[in-house]
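Before any comments, here is the structure.
The values are calculated or read from the model by the stated rules, or taken from the named source; none is laboratory data. Fair warning: this is a prediction, and the values are worked out from it, not measured in the lab. No Cβ is skipped: glycine too gets one built from the backbone with ideal geometry, and neighbour counts run over all protein chains shown. For the accessible areas, the whole protein counts, side chains as well, though only heavy atoms, and no ligand, DNA or RNA atoms are used. Shrake-Rupley method; radii C 1.70, N 1.55, O 1.52, S 1.80 Å.
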Amino acid sequence: MNVPERGLCWAVALEGRRTVAICFELVVNFGDEAEAAQVAAQVETKQRVLRAGAHRIPLHRPLLAKVGSCFELSILPVAVSWRSALDGGLPRLPLSAAELTELGYQLYDLLTQLHGYVAAKVGWDPESFLDPGELGREWSDELNDGSIHGLVLSEELYAELDLRADYAVFQPGYRWMPYRGEEPSGLTAD
């Protein structure tokens with residue numbers, strides 16, 4: 001399997017310099033489960049169009065990348081992110097926090113079709129919350145007080161992290177701190 005070391009959202013070259021992209025996306029960490037990641041990468045996104053207020057937004061094809069020893073899958077709505085190479089020359093669609101929240105819930109609906117992952121999250125560049133080792137070292141306080149809303153963990157990882165917070169069932173085999181949506185910020189139209 002030929003899997004790039006990073007997804008296309010991380011950075012793009014603009015006029016000879018590297019520019020960091022900021023992406024609104026669903027990111028799913030499959031750990032070392034290459035087969036589950038490959039199956040998930042085949043999820044049909046071409047015909048799927050999400051709603052965001054009055055907007056209809058298609059999805060880019062899923063991107064599978066190898067990050068360290070883990071396989072990560074990213075799914076991005078078209079023209080929503082800042083400087084994503086996937087969007088090419090498309091103008092960015094400025095969305096409000098409420099519209100991004102609507103997109104977020106639909107991306108979580110898409111996640112219910114995937115299996116075999118260890119952690120997943122929707123939001124602006126959520127990758128930093130998906131490494132099991134970093135979760136235990138860097139984010140233990142936030143995991144225990146339940147402040148990383150939208151984080152989905154496999155039952156195994158949830159048990160391994162020995163969390164105090166009572167995470168809700170996301171779907172069989174997975175728990176989460178329910179998604180509360182996006183807040184107005186410099187990344188939103190409001």
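Laid out as a table, the results:
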item: Elements of type strands (runs of 3 or more DSSP E) in the range 119-190, at least 2 residues being among the hydrophobic types (A, V, I, L, M, F, W, C); result: 119-124, 152-154, 168-171
item: Of all residues in the range 121-146 being in contact with a Phe, Trp or Tyr (Cβ under 8 Å, 6 or more places away or on another chain) and under 20 Å from F170 (Cβ atoms), the one that is most open to solvent (accessible area, probe 1.4 Å); result: W139
item: Failed item in (1) over 17 Å from S69 (Cβ atoms); (2) of a type outside the set (D, E, K, R); (3) open to solvent by 50 Å² or more (accessible area, probe 1.4 Å), with H149 passing the rest; result: (3)
item: Qualifying positions in the range 62-85 - open to solvent by 40 Å² or more (accessible area, probe 1.4 Å) and under 21 Å from L103 (Cα atoms); result: W82, R83, A85
item: Selection count where residues are at pLDDT 90 or above and either under 16 Å from W124 (Cα atoms) or surrounded by fewer than 16 Cβ atoms within 10 Å (Cβ to Cβ) (or both), scope the range 162-185; result: 14
item: All positions within the range 32-69 that are out of contact with any Gly (no Cβ under 6 Å at 6 or more places or on another chain), part of a helix (DSSP H, G or I) and in contact (Cβ under 8 Å) with a residue 60 or more places away in the chain; result: E35, A37, V39, A40
item: All positions within the range 32-60 that are of a type in the set (D, E) and either under 17 Å from the mean Cα position of the chain (by Cα) or buried (at least 17 other Cβ atoms within 10 Å of the Cβ) (or both); result: E33, E44
item: Pairs, first of a type outside the set (A, V, I, L, M, F, W, C) and modelled with pLDDT under 95 in the range 123-140, second part of a loop (DSSP other than H, G, I, E, B) and open to solvent by 50 Å² or more (accessible area, probe 1.4 Å), C-beta under 8 Å, six or more apart; result: D131/G68
